[in-house]
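Below: one structure, written as structure tokens.
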Amino acid sequence: MILVALVLLLAFMALAIPVAASLGVLGLTLEHVYSPLPLVRAIGEVTWSASTDFLLVSVPLFILLGEILLRSGFAERMYGALVHWVSWLPGGLMHSNVAACALFAATSGSSVATAATVGTVAMPESRRFGYNERLFLGTLAAGGTLGILIPPSINMIIYAVLTNSSVPQLYLAGILPGMALVAIFMATIVAICLIRPDWGGRALQTDWGRRIFGLVHLLPPLGIFMLVVGSIYAGIATPTEAASLGVLGALALAAISGRLSLSMLREAFEGTMRSTAMLMLIVMAAYFLNFVISAIGLTTQLTNFIQELGLPKPAMLLAVIVFYVALGCVMETLSMMITTIPIIAPVMFALGFDPVWFGILVILLIETALVTPPVGINLFVVQNLRRGGSLNDVIVGTAPFVVALFVMILLLSLVPDIALWLPRQFQ
Amino acid sequence: MSRAGRQTIANAGRRLDPALKLADAVARRMVWVGGALLLAAATTVSVDVVVRKAFRISLGGADELSGYAFAIAVAWALPFALLQRANIRIDALYSRLPARIAAILDVVALIALASFVSVLTRYAWEVVFGSWGLNAHSNSELSVPLWIPQGLWFLGLALFLLTVLILTTRTVLALVSGDLTLVRALAGARGIQEESAEEAAYSRTIGRDTGLP
């Protein structure tokens, strides 16, 4: 039964059948073959309850928040302000790329949006200041992945929905690993530029006046961060309420900078609803599939099978990491989460791994998936911001940061408290 | 197939184009309504939070209403997402296949989608019909008659099914008449290339003035 299900699923997906249809048709097939009861009748109720889940409402709201922020035009001035603070390091503007990604990530729940926004602003400066282009591109593709680790994060919400864990806890747990990853990325840039100083570009003259004066441009992102993430931490708002506040805050920001218009809203709606609709179709199909496979006993069989392998905890962890790194090379990340987490997470929890800690690990693995070829979407986003050249440049430039991500994954595995310390302080 | 035969089928396909065009116009308006519903939900929820914190009064029901708004907005956005070819497909293998085989897979993908969506829509109808028959109300202070939000949700799913069927028929006719370019335009996977190009193009509309010397 396990084998049939797995082979069918892989075949459907390899044939480029839409993920939602693959899951749905698999559910219908398994029900037809293995279930004595007409489980299919439940599909209406299952999808209706998934569609009205209050926590899931936050997903389109976070996407909408990002779409509005992107158009509200604060990223450029924020980038310009950060440059004066970090560009004295060996590697100059490349540090501002990472810092700007981190700050934008604190307002955005998406890695693609983070890479696209900061990349657009930063790319022209690369040529003007004579940086090694490959490495510069790498800092943008890799820095962009911070979008889903530093709260808010759409992927963490999906994880929370799939595993019934707490979004506020996950959002707290993401902060320190996020900062640690920023530090590791920056250390990587410094190390490379110490070996090859000519890759580090022309230095920028600055003074304390400019640094202090520039801080005012950091206020919009910090304001949104306080509104959205601060209200969750303070216990004032649930994730969906926080996202709602964030949407209104972003609209206010866009209105202040004179970018709010009907056509802008329409575009933002189209972008938001297009991604949300397809994501939710996958969620509906996945809920139905999970309903079927647990009703016919497949979930138990699968869990037993993995437990009977009798792998020790570290080996199991390694297996999961290898699995996600490999799958992440060929699969879109949200559908990867929705199809695998309901099966893998319960097994890991049964082995004694902390759900919040495992969530952060998954997010780091997803970040890796975003920058590993052939289908790392961030690589393509950055490539498309260029005027020409080969995708290979981006892949090579990002490679050191993939190593940095592995270092972070190792660190988190050895010292789980990097993620778990902060949530404990709030309990 | 003979050349004349292909021509007949191509003509039959073209007769469907007005229907597809209409579906596109309807879908676009539905997605705006969906987006507006979502924004309305965000506003209601925000007001609820602020009032609750500032005046310690709970208006209640904001979460329930936003849940309905979400379900309806998603269902109403599905036709648009389909026509924009936004379906998430794993194209690692697909993008390396010859055009003819890729076109056949595009049709297979649509048929698989149509079969799943038709089952989904059929049983979504049972949900609405059940709520109507039992006169079911939501278990909350608002006590909403459930058939209303469920009915609007079902309407979105039904129009989605209709759009899938029109698109599938059109694509099958295009494939049989041998017009592979048209199959790709109607139903091809967007692929990571196209998806990211769009993301990049639209982020270019934002300003670039960093104020650096």
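Per-structure values
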| item | result |
| --- | --- |
| Check on B:ALA86, within 30 Å of B:GLN193 (Cα to Cα) and either more than 9 Å from chain A (Cβ to nearest Cβ) or open to solvent by less than 30 Å² (accessible area, probe 1.4 Å) (or both) | yes |
| Some residue of the range A:2-17 being within 11 Å of chain B (Cβ to nearest Cβ), of a type in the set (Val, Ile, Thr) and in contact (Cβ under 8 Å) with a residue 12 or more places away in the chain | no |
| Selection within the range A:81-122 - closer than 21 Å to A:LEU219 by Cβ, in a helix (DSSP H, G or I) and small (Gly, Ala, Ser) | A:ALA81, A:SER96, A:ALA99, A:ALA100, A:ALA102, A:ALA105, A:ALA113, A:ALA122 |
| Identity of the residue in the range A:280-320, within 14 Å of chain B (Cβ to nearest Cβ) and of a type in the set (Gly, Ala, Ser), that ends up nearest to the chain's Cα centre (by Cα) | A:ALA286 |
| Residue that is farthest from A:ILE43 (Cα to Cα) [pool: residues in the range B:124-134 that are facing another protein chain (nearest Cβ under 8 Å) and buried (at least 19 other Cβ atoms within 10 Å of the Cβ)] | B:VAL127 |
| Residue identified as farther than 30 Å from A:GLU45 by Cβ and within 14 Å of chain A (Cβ to nearest Cβ) among B:VAL176, B:VAL183, B:VAL164, B:VAL172 | B:VAL183 |
| Residue in the range A:223-240 that is more than 9 Å from every other protein chain (Cβ to nearest Cβ), among the polar types (S, T, N, Q) and open to solvent by 50 Å² or more (accessible area, probe 1.4 Å) present | no |
| Filter result for A:ARG259 (facing chain B (nearest Cβ under 10 Å), of a type in the set (D, E, K, R) and in a loop (DSSP other than H, G, I, E, B)) | yes |
| Contacts under 9 angstrom Cβ, first residue in the range A:339-355 being of a type in the set (Asp, Glu), partner assigned to a helix (DSSP H, G or I), 6 or more apart | A:ASP354/A:ALA419; A:ASP354/A:LEU420 |
| Scope the range B:165-186; condition free of Cβ contacts under 8 Å to residues at least 60 places away in the same chain and of a type in the set (Val, Ile, Thr); matching residues | B:THR181 |
| Residue count, the range B:44-68 (criterion: within 7 Å of chain A (Cβ to nearest Cβ) and open to solvent by less than 50 Å² (accessible area, probe 1.4 Å)) | 6 |
| Total residues in the range A:207-222, condition of a type in the set (Gly, Ala, Ser) and more than 12 Å from every other protein chain (Cβ to nearest Cβ) | 1 |
| Qualifying positions in the range A:48-84 - aliphatic (A, V, I, L, M) and touching a Ser or Thr at 6+ places or on another chain (Cβ under 8 Å) | A:LEU55, A:VAL57, A:VAL59, A:LEU61, A:ILE63, A:LEU64, A:LEU65, A:LEU69, A:LEU70, A:ALA75, A:LEU82, A:VAL83 |
| Filter result for A:GLY328 (within 19 Å of the chain's Cα centre (by Cα), assigned to a helix (DSSP H, G or I) and among the small types (Gly, Ala, Ser)) | yes |
| Selection from the range A:2-50 of residues that are within 30 Å of the chain's Cα centre (by Cα) and outside any helix (DSSP H, G or I) | A:LEU15, A:ALA16, A:ILE17, A:PRO18 |
| Residue check, A:SER22 crowded, with 24+ Cβ neighbours inside 10 Å and of a type in the set (S, T, N, Q) | yes |
| Filtered residue count, the range A:368-400, keeping only those that are among the hydrophobic types (A, V, I, L, M, F, W, C), closer than 15 Å to A:SER111 by Cα, part of a helix (DSSP H, G or I) and more than 12 Å from chain B (Cβ to nearest Cβ) | 1 |
| Residue, nearest to A:ALA160 (Cα to Cα), within the range A:265-274, restricted to residues that are more than 7 Å from every other protein chain (Cβ to nearest Cβ) and open to solvent by 10 Å² or more (accessible area, probe 1.4 Å) | A:GLY271 |
| Residue under evaluation A:PRO38, criteria (1) open to solvent by 10 Å² or more (accessible area, probe 1.4 Å); (2) closer than 26 Å to B:ILE90 by Cα, criterion not met | (2) |
| Residue that is farthest from the other protein chains (Cβ to nearest Cβ), among those in the range B:111-120 that are open to solvent by less than 10 Å² (accessible area, probe 1.4 Å) and either more than 18 Å from A:MET280 (Cα to Cα) or touching a residue at least 24 places away in the same chain (Cβ under 8 Å) (or both) | B:VAL117 |
| Some residue of the range A:213-230 being out of contact with any helix residue (DSSP H, G or I) (no Cβ under 9 Å at 6 or more places or on another chain) and touching a residue at least 12 places away in the same chain (Cβ under 8 Å) | no |
| Options B:ALA23, B:ALA27, B:ALA41: the member that is away from chain A (no Cβ under 13 Å) and either acidic (Asp, Glu) or within 25 Å of the chain's Cα centre (by Cα) (or both) | B:ALA23 |
| Test: A:LEU30 is touching a helix residue (DSSP H, G or I) at 6+ places or on another chain (Cβ under 6 Å), closer than 25 Å to B:VAL117 by Cβ and more than 9 Å from chain B (Cβ to nearest Cβ) | yes |
| Test: residue in the range B:124-144 that is at pLDDT below 85 and within 17 Å of the chain's Cα centre (by Cα) | no |
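The values are calculated or read from the model by the stated rules, or taken from the named source; none is laboratory data. Not measured: the values here are computed from a predicted model. Every residue, glycine as well, gets a Cβ built from its backbone with ideal geometry; the counts of neighbours run over all protein chains shown. Surface accessibility is based on the protein's heavy atoms, side chains included, excluding ligands, DNA and RNA. Shrake-Rupley method; radii C 1.70, N 1.55, O 1.52, S 1.80 Å.
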